[in-house]
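Novice: Just passing along the structure, written as structure tokens.
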Amino acid sequence: MLLATSCVDSLDDYNVSQKNAAAVPSETLFSNAVKNLTDALTSASVNSNNYRFYVQHWTATTYLDEPRYNMTSRIIPQNMWQSLYRDVLSDLKESKRLVMENTATIESVKNNQLAQIEIMEVYAWSVLLNTFGDVPYTQALDPENSLPVYDDAQTTYNAILVRLNDALSLINDTAAGYADGDLLYEGDMEKWVMFGNSLKLKLAMVIADVDAAQAKSLVEQAAPNVFTSNDDNAVLRYLSSQPNNNPVSNSVTGIYSTREDYVAANTLVDIMNDLEDPRRQQFFTQVDGEYVGGIYGYTNSYPDFSTVSAKVAAPDNEGLLLDYSEVSFLLAEALERGFAVGGTIEDHYNEAITASIEYWGGTSAEVDAYLGQSSVAYNSAAGDWKDKIGTQKWIALYNRGFDAWLEWRRLDAPTLLPPVEGLVVPLRLIYPVNEATLNGTNKNAASAAIGGDSSATPLWWNVN
């Protein structure tokens, strides 16, 4: 009977998973990496993404550790670090390996696929570098090396800028790339050229205060081929059902959550109220017909303050990696710095604000009324160019906490004060706690190299 009922040749056959794929196509790995990257940056989980707190767009109702910048009560840095290395960069590396080994794909298509992968790798590396500073790079993602050294952040940043240029040179926009697996542009390589150049513009402007010559060269190269409308935005369209829903919907009151942890911060709401900003209705709910922000960094009663709008909380609300409004603000800034990108400062500034209002559903009449205010118009708004561009960009980057945090650190506008004396608004995330245990020698060397593993330590490009 035992012989008659036996159905395997070896006990090892019992260890073969019937649910997991034996081999994963490069296209699937690419899609997964893009989604995981967008999820990581879009998420509202206090366990991994607290950037909306750092830029004071949101504040908490009850739990104050996160809006008061505690990074150790939860493993916040570790979760972001792990997501980017394990869930994004590892998948992209394997996807690239499979593309390189595929001899059946014609060269132009293969080059386009490699360019798509490389652009996303550069994006992910830039997030790591602009979050932590020095990170493992040259020895990273090697399963045989569990103790990778941390590379100098400026050297690594320059390396990924070269990689981005190389990726753009590979693209043949008349040939195909990834199609069904391309969650951003559905295989439209002309859009990938624009996305890559818009990313190049963004990353170049990050270093403008420390390497103006290189920034100028890269910006002027990129400017003719960047986004020209909201139709070009790098968007991941979430679905209404889990697990492919907008991750914000998992953390705020709505279909998938009943939590009441977040309200709009008074820092943002008060400024938008003063400007009669038409985006308020798209950003927040109302309380008795008004927009009311909770006091940043203090406990707030959920029913008494404006919170996340139904649009932001919707399971199918899209995730943005880069948009036309951001690009237009960068072009305005480039002109202020003396870079030759065409157009006028005021036109790019106005276009940036217009693109943001229209993206959120505003009308042309609302755009005209908003830009017509002396407190908004470029020639009369308060402060220097960093104040004008920085404040309006901070508003336009609502619901994109990481990017708002990056731009606030660069432009130092608007003024954001910590909730209590003795705290410093974070300038970086500290290194993950488990790095001290698993890779302590290299982590300690990196900490010393950057000036201390503190959230108050400015990154190498943050000199002003």
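Novice: Kindly indicate the residue of the range 291-312 that is polar (S, T, N, Q) and surrounded by 15 or more Cβ atoms within 10 Å (Cβ to Cβ) and also farthest from the chain's Cα centre (by Cα) among those meeting that condition.
Specialist: Ranking the candidates gives Asn300 first.
Novice: Would you check if Arg68 is at pLDDT 95 or above and surrounded by fewer than 20 Cβ atoms within 10 Å (Cβ to Cβ)?
Specialist: Answer is yes for this residue.
Novice: Filter the range 215-255 down to the residues that are part of a loop (DSSP other than H, G, I, E, B) and basic (Lys, Arg) and list them by number.
Specialist: Arg237
Novice: Just for the range 109-136: of the residues that are charged (D, E, K, R) and in a helix (DSSP H, G or I), which one is surrounded by the fewest Cβ atoms within 10 Å (Cβ to Cβ)?
Specialist: If we take residues in the range 109-136 being charged (D, E, K, R) and in a helix (DSSP H, G or I), then Lys110 is surrounded by the fewest Cβ atoms within 10 Å (Cβ to Cβ).
Novice: Hey, another quick one. Go through the residues of the range 92-104 one by one and say whether even a single one is of a type in the set (Ser, Thr, Tyr), free of Cβ contacts under 8 Å to residues at least 12 places away in the same chain, assigned to a loop (DSSP other than H, G, I, E, B) and touching an Asp or Glu at 6+ places or on another chain (Cβ under 6 Å).
Specialist: No, the conditions are met nowhere in the range 92-104.
Novice: Related question: Of the conditions (1) surrounded by fewer than 20 Cβ atoms within 10 Å (Cβ to Cβ); (2) out of contact with any Asp or Glu (no Cβ under 9 Å at 6 or more places or on another chain); (3) not charged (D, E, K, R), Tyr63 satisfies every one except a single condition; which number is it?
Specialist: The single condition Tyr63 does not satisfy is (2).
Novice: Take the range 259-294 and flag every residue that is hydroxyl-bearing (Ser, Thr, Tyr) and in a loop (DSSP other than H, G, I, E, B).
Specialist: Of everything in the range 259-294, those that are hydroxyl-bearing (Ser, Thr, Tyr) and in a loop (DSSP other than H, G, I, E, B) turn out to be Thr285, Tyr291.
Novice: Can you name the number of the only condition in (1) within 30 Å of Ala310 (Cα to Cα); (2) over 22 Å from the mean Cα position of the chain (by Cα); (3) among the hydroxyl-bearing types (Ser, Thr, Tyr) that Thr228 fails?
Specialist: Checking Thr228 against (1) within 30 Å of Ala310 (Cα to Cα); (2) over 22 Å from the mean Cα position of the chain (by Cα); (3) among the hydroxyl-bearing types (Ser, Thr, Tyr), the one that fails is (2).
Novice: A further question on this structure: Exactly one condition in (1) surrounded by fewer than 13 Cβ atoms within 10 Å (Cβ to Cβ); (2) assigned to a helix (DSSP H, G or I); (3) touching a residue at least 24 places away in the same chain (Cβ under 8 Å) is not met by Tyr157; state its number.
Specialist: (1)
Novice: Here is a further query. Please determine, by comparing only the residues of the range 161-214 that are in a loop (DSSP other than H, G, I, E, B) and among the charged types (D, E, K, R), which one is surrounded by the fewest Cβ atoms within 10 Å (Cβ to Cβ).
Specialist: Asp180
The values are calculated or read from the model by the stated rules, or taken from the named source; none is laboratory data. Owing to the predicted nature of the structure, the values given are computational and were not obtained by experimental measurement. Please note: Cβ atoms are built from the backbone with ideal geometry, for glycine as well, and neighbour counts cover all protein chains shown.
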